[in-house]
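Note sheet for the following structure.
The values are calculated or read from the model by the stated rules, or taken from the named source; none is laboratory data. None of these values were measured; they are calculated from a predicted model. Counting neighbours? That spans all protein chains shown, and the Cβs are built from the backbone with ideal geometry, glycine included. Side chains included, ligands, DNA and RNA excluded: accessible areas come from the protein's heavy atoms. Shrake-Rupley method; radii C 1.70, N 1.55, O 1.52, S 1.80 Å.
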Amino acid sequence: MCTTSALHTGLSHAPPRAQDVTRKCRRGRFATAASGVNVSPGVTMRVGSSVLACCCLLLQLLGLALFLRGFFPVPVRSQSRKNSVSDIPSEPSAGAKSNWTALPSPLFKKTVIFLIDAFRQDFVFGPKGKMHMPYMTEMVEKGTTHSFIAKATAPTVTMPRIKALTTGSIPGFIDIIMNLNSQELLDDNLIWQAKQAGRRIVFYGDDTWIRLFPKHFVEHDGTTSFFVSDFTEVDYNVTRHLDNVLSRNDWDILILHYLGLDHIGHLTGPHSHLVGPKLFEMDNVLKKIHTSLMVKEEDGSLPSLIVVCGDHGMSETGSHGGSSDEEIETPLLLISSSFERKGEPAKAPDILQQTDLAPTLAIGLGLPIPRNSLGTLIHPVIEQKTMREQLRYFHLNGYQLSTLLRENVESSEKDVGFEQFKKAEKSHGNWIKLYLEGNTSEVLTNLGRKVLKQYIEALMKLSSSLSKQVAEYDMYSMTVGAIITLEILFLLLLSVPNALCSRAEFEVPLSSPFFSLLFYLLCLVLAAIHVIVCTSTENVCFFCSISWVMAIGIMTLMSALCCIILSTFGKMLSNAKSPNKRPDSVSLWSELDVILLMGTLGHVLSMGASSFIEEEHQTWYFLVNTLCLALAQNMCRKYFLVKKGNPIDLATHKRTDNEGAYIKEIYDMHKKEMREERLPILSRFVKDHEKWIALSSPWAILICCRLLRSLNQTGVQWIHRPDFGHWLTSSEHKAELSFLVAVSLVMIFILIQGRCSFVSKVALAFGLLGVYSYRAAIGHVLYPWQQSTKEISKGITEARFVYIFVLGILITGIKDLIKSQVIITDSKAKSVGLWEVYCGLVLLAALLFRPHNLAVLVFCLLIQSTLTMFIWKILKYDAAQVTLMHYWFGQAFFFFQGNSNTISTVDVSAGFVGLDNYIEVPAVFLTVFTTYSGPLLWSIHLLCYLNSESSRLSTSIAHGCYCYAIIRSLPVTIYIILITVLRYHLFIWSVFSPKLLYEVIHLLISVFVCLFFTAVDKNQMAKSDV
């Protein structure tokens, strides 16, 4: 075994002659390839570092899946699936016999639900409303309306919000994933109740409704909500039905869901010049509906009701999914001739919960309130009714809420809201008794007002109590998942000395007596715990619901991991105490080692604070800037101090008899490597002044990072502030944006084409030209050769044109990689193949990025080239250090793109580039790729760099893969422990939960990255063995 210490092996500089150390580490006949597997006789199995890294991350995904299933549980629900008329309570009477035992009659004859997707409240109550929605503004100020600001809850995406509007419940946060593929809604809801009551429902708009409520509509026409490039046809397909349906009387409920405003937000943001015309279009739709319904109302008949609302708002970047005020605050307008006309200036709208609409519509339509509703009745809607009717409505709402509380909370009788409802119900009975006795005095009126006030207060407290109990954590599943994840992290950390030695392998213990005894003992203990937990718990537990075969398999895995960890730890202790152990690597830590280690650990620990999660970009900006300063110090030390024999740097490089000769040797080697690469950006001037360019490189990178910070505001605190990206994307600066896009595309070609084959260079050039054509086709940039204004299109043809070249470059690179495996002596084929795969991904990113973010891609390539040519190869950093630096820059570029830890910054529009309709798999892939393109491009560049270094150290790819696995496993493991402790934190759903989803998806991407590393590493080692 290679017994190099973990500290030295993980973060020390590589020696100049790695083969000498390799001979020391190679013992016995079972020396294996870095990514191969070999079994020693009867005791251990040797696993390569990259294989171990991949296996560990895959097992960690299993643990995370269990943890997520427990952390995002099923929300509290009534034990009975649906409410029915037979469940309606009678009117409290305090001894007297009331004759009102049936469901109240409906208040409205026809109801129109006019839902505008991503309808922010300031689009109605702000300056945009007065400017672009004159009819709606007049109705708010002078009409027979009640206007409110309805607050939604995170996640602010369409499907959970439709559930909230129709059921009155708060959907689980995991519904944000289910939003992509909505299934039939089985919970009690208004649509089902209306159908059971014989109401005829007509729907036009977002087809999410059709998936949630199949066979509920007598007539429907759905439009896809995911094709965000279309904001014209998607609304026309709704409006074209209006004249016909409004002229008929064969419907009771009309639901219209308009998507155009949401699509404009995703494409160009809430301040786009396209928003005003779209709001005016929606205003005309409201005018048409209102005028038509008013004309048909007859004297003596029930009035109609128009509900104007939004499912969610829109952030300052045009997205949604988070919990900012712009995303959760939506307008709610209730328009009916039964409401009093306003005779005074309109006051500021009251604020209520979006879930309050469900019980209000149920009462208005004469339907039972959905069983799982947490909402409270909106009092202004019924304030024109008699006192007895108002009390009856509130009693029905209170009875439903108290029943739901009783079914989900054990000590519900002690709840303040429940006690107050019982008190109000008793007072209500006394009022009914006086009313039935014919009492008409002032006492009856005052008592009625008192009871009404008691009901309103009781409903608010009941709703609040239920909101706090909206979901119960499945602690058993969370614990099992967390233990597996933690065991994997311990195994990765304990395996560092072996996995990062020159042989890059780990011995897995298999059959020692201690291992076997402890293994079976742990299996028995875990099985006993499983039986006890699953037979004693009253709540539904996911881990208890799976089959016994799967449960035993997971418990066996946990026991085996624990035994392997203990065996590995025991072997480390015995090696440390062995007198024959020769400390061949007692090395000092450099300042860079300390910075990389402390910075990574500091970032992980900072995730326990909500503010650090919201502003995580500040942490990475600080770390990257610090790294640049450390690199500048090391560069100065190399050129000015090492040649004088400065002892500080002797810990950084292997000691030699002639330090100056060694420095000259690696300096000449570096110049030779640059000549062999023949990169076109290296001119004669650069070669002649290489020293001063290398000294200035860290400072140039520092300046680039500072410029990138001003391009996209992100986070939560300052995202509302204007940035350079907003200035570029405004319609007044299209010419400047066009110039930036053109220059960026040219720079991309210059920076990456040098190492490509001729065919790939041609494909890359045409692909980048297609990117500009696509952006011009959809109206983002100008055609320089066309003066007239070009009509905006979907750009489908241009985007597919680029996809062809992306696939061509990727296929060419993969072909070269296969060639490097088949033709053993062709060492250049793999380097060219890896670089072409990287170039194909860069071209895909150029197509999917927002146009102003092409500058981010150019700076990414510039920084990578600068680090490769003038820093890493000169200072000869080892694989662990280079991997950590790649990871840091990848995380920083994740935020340089404008991403954050809120769902609202996900660029959904990128998932539909080149698609004329919604196709789930490519849409999800393109969206995820765009979001994580920063970390992904830096990880693939890491592979390209380590492959070029494999001639100097054959295990560099295996070391890089293993280090990458550790630095991805560490934050995920620590984070799930932190959010388990903080699961009752105020911001658990708005801050910590979105971050958890980001981390899990990032880990999933890291698994594929490590698999790619392993495949490439296996080819390299196969060639070495031959």
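Right, Asn83: over 28 Å from Tyr473 (Cα atoms), modelled with pLDDT under 80 and not in a strand (DSSP E or B) or not?
no
Just give me the residues in segment 436-463 being among the hydrophobic types (A, V, I, L, M, F, W, C), crowded, with 19+ Cβ neighbours inside 10 Å and more than 48 Å from the chain's Cα centre (by Cα), in sequence order.
Within segment 436-463, just Leu447 meets the criteria.
Can you say whether Val806 is at pLDDT 85 or above and open to solvent by 10 Å² or more (accessible area, probe 1.4 Å), as far as the supplied structure shows?
Taking the combined requirement at face value, the residue does not satisfy it.
What are the residues in segment 397-414 that are over 36 Å from the mean Cα position of the chain (by Cα), open to solvent by 10 Å² or more (accessible area, probe 1.4 Å), under 20 Å from Ser169 (Cα atoms) and not hydroxyl-bearing (Ser, Thr, Tyr), if any?
Answer for segment 397-414, where residues must be over 36 Å from the mean Cα position of the chain (by Cα), open to solvent by 10 Å² or more (accessible area, probe 1.4 Å), under 20 Å from Ser169 (Cα atoms) and not hydroxyl-bearing (Ser, Thr, Tyr): there is none.
Of all residues in segment 907-935 being touching a residue at least 40 places away in the same chain (Cβ under 8 Å) and open to solvent by 30 Å² or more (accessible area, probe 1.4 Å), which is farthest from Thr208 (Cα to Cα)?
The qualifying residue farthest from Thr208 (Cα to Cα) is Val928.
When you check Glu298 against the structure, is it open to solvent by 20 Å² or more (accessible area, probe 1.4 Å) and in a loop (DSSP other than H, G, I, E, B), yes or no?
Judged against the criteria, Glu298 is a match.
When the residues of segment 464-490 are narrowed to those that are assigned to a loop (DSSP other than H, G, I, E, B) and open to solvent by less than 50 Å² (accessible area, probe 1.4 Å), which ends up modelled with the lowest pLDDT?
Among those that are assigned to a loop (DSSP other than H, G, I, E, B) and open to solvent by less than 50 Å² (accessible area, probe 1.4 Å), it is Val470.
Any idea which of Ser793, Ser757 is at pLDDT below 90 and either closer than 30 Å to Val1016 by Cβ or of a type in the set (Val, Ile, Thr) (or both)?
Answer to the selection: Ser757.
Return yes when Leu365 is open to solvent by 10 Å² or more (accessible area, probe 1.4 Å) and under 21 Å from Leu186 (Cα atoms) and no when it is not.
When the stated conditions are applied, Leu365 passes them.
Within segment 717-741, can you find the residues that are among the aliphatic types (A, V, I, L, M) and either buried (at least 17 other Cβ atoms within 10 Å of the Cβ) or not in a helix (DSSP H, G or I) (or both)?
Ile719, Leu728, Leu737, Leu740, Val741
Right, Gln390: in a helix (DSSP H, G or I) and under 14 Å from Ser463 (Cα atoms) or not?
Spelling it out, it is not the case that Gln390 is in a helix (DSSP H, G or I) and under 14 Å from Ser463 (Cα atoms).
Tell me which residues, restricted to segment 316-336, are of a type outside the set (A, V, I, L, M) and open to solvent by less than 10 Å² (accessible area, probe 1.4 Å).
Scanning segment 316-336 gives Gly318, Ser319, Gly321, Gly322, Glu327, Thr330, Pro331, Ser336.
So in segment 269-295, with the set limited to residues that are free of Cβ contacts under 8 Å to residues at least 60 places away in the same chain and aliphatic (A, V, I, L, M), which one is surrounded by the most Cβ atoms within 10 Å (Cβ to Cβ)?
By that ranking, first place goes to Leu274.
Out of everything in segment 244-267 that is in a loop (DSSP other than H, G, I, E, B) and acidic (Asp, Glu), what residue ends up being most open to solvent (accessible area, probe 1.4 Å)?
If we take residues in segment 244-267 being in a loop (DSSP other than H, G, I, E, B) and acidic (Asp, Glu), then Asp250 is most open to solvent (accessible area, probe 1.4 Å).
Please enumerate the residues belonging to segment 270-294 that are closer than 25 Å to Ile719 by Cα and of a type in the set (Ser, Thr, Tyr).
Ser272
Can you tell me which of (1) part of a helix (DSSP H, G or I); (2) within 38 Å of the chain's Cα centre (by Cα) is the one Lys433 doesn't meet?
Every listed condition holds for Lys433 apart from (2).
Listed here are the residues, each with its yes/no results for (1) closer than 30 Å to Glu732 by Cα; (2) at pLDDT below 95; (3) not small (Gly, Ala, Ser).
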residue: Tyr783; (1), (2), (3): yes, yes, yes
residue: Gln786; (1), (2), (3): yes, yes, yes
residue: Glu798; (1), (2), (3): yes, yes, yes
residue: Gly840; (1), (2), (3): no, no, no
residue: Arg850; (1), (2), (3): yes, yes, yes
residue: Phe859; (1), (2), (3): yes, no, yes
residue: Leu867; (1), (2), (3): no, yes, yes
residue: Trp872; (1), (2), (3): no, yes, yes
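Six or more apart or on different chains, Cβ under 7 Å: which pairs go from a residue in segment 693-716 that's open to solvent by 20 Å² or more (accessible area, probe 1.4 Å) to one that's part of a loop (DSSP other than H, G, I, E, B) and among the basic types (Lys, Arg)? Could you list them?
Gln713/Arg721
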